[in-house]
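Trainee: One structure, pasted below without further comment.
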Amino acid sequence: MSTLLKYDVIYILDPNATTEEAAAVSTKVEQIVADSKGTVLKKDDWGKRRLAYAVKKNREGHYIFFHLSISTESIAEITRNLRLMEKVIKFSVVRDTISHLKAKVKPPRVGKSADTSGAHSTHSRSGPRSNSGPSRSSAPTNPGPSTTPAPTAAPSEPSTPAAAPSTTTNP
């Protein structure tokens, strides 16, 4: 005995399919679910919609959605039957993994303000620094491509290139 899992089955019918042909595909899916002792949790007829791209030369399709609780072996049978039906131009079977999860509600914070939160407080920065993180200096950085610092005082002697001839003469 295999466990029942939840699946979403969406298939797109040929837009020229009659209501009898659409009902035949739908009853075939429901019959497979009933034979395998599964349940149809939800069935929606989304109607004709425009496709994002042409599928078997069709720009429109008739969408049908099923939410099923069924075994894995039975979902393989549904997939096989949808693949063989001529009026089904595209289908998708996806295992529902999040419908059983409940939303986690965080309890409200009480009694603490944002100023006394510890590490991010302005009072915690007065202690000694460790070298484990990036250093944060208050000095502005030079965003330019040069890595040499700007001079702080005027040079006492003009600098000349080493290869340039001297322009001073000796008497």
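Trainee: Tell me, what ³J(HN,Hα) does each residue in the range 13-21 have, in order and in whole Hz, if you take phi through Karplus 6.51 cos²θ - 1.76 cosθ + 1.60 with θ = phi - 60° and put x for Gly and Pro?
Mentor: Computed from phi, the couplings for the range 13-21 are 9, 4, x, 8, 5, 7, 5, 5, 5 Hz.
Trainee: Any chance you could tell me what percent of the C-alpha pair distances in the range 5-95 go past 16 Å?
Mentor: Counting pairs separated by more than 16 Å, the tail of P(r) holds 49 percent.
Trainee: Looking at the range 1-95, which trypsin sites (Lys or Arg not before Pro) are in a loop (DSSP not H, G, I, E or B) and have at most 13 other Cβ atoms within 10 Å?
Mentor: Lys37, Lys56, Lys57
Trainee: If you don't mind, another one. Give me the net charge of Arg80's neighbourhood, meaning all other residues with Cβ under 15 Å from the Cβ of Arg80; Lys, Arg count +1, Asp, Glu -1.
Mentor: Around Arg80, the surrounding residues sum to -2.
Trainee: Still on this structure, I have one more. Would you grab the residues whose amide H sits under 5 Å from the one on Met85? Only those 5+ places off in sequence or on another chain, please, with H modelled 1.01 Å from N.
Mentor: Answer set, sorted by chain and number: none.
Trainee: Whole angstrom only: what separates the Cα centroid of the range 7-47 from the Cα centroid of the range 78-93?
Mentor: 10 Å
Trainee: Give the long-range amide H neighbours of Asn58: residues separated by 5 or more places, or on another chain, with amide H under 5 Å away, using H modelled in the peptide plane at 1.01 Å from N.
Mentor: none
Coordinate-derived values only; no laboratory data. Just so it is clear, the structure is predicted and the values come from calculations on it, not from any experiment. Cβ atoms come from the backbone with ideal geometry, glycine included; neighbour counts cover every protein chain shown.
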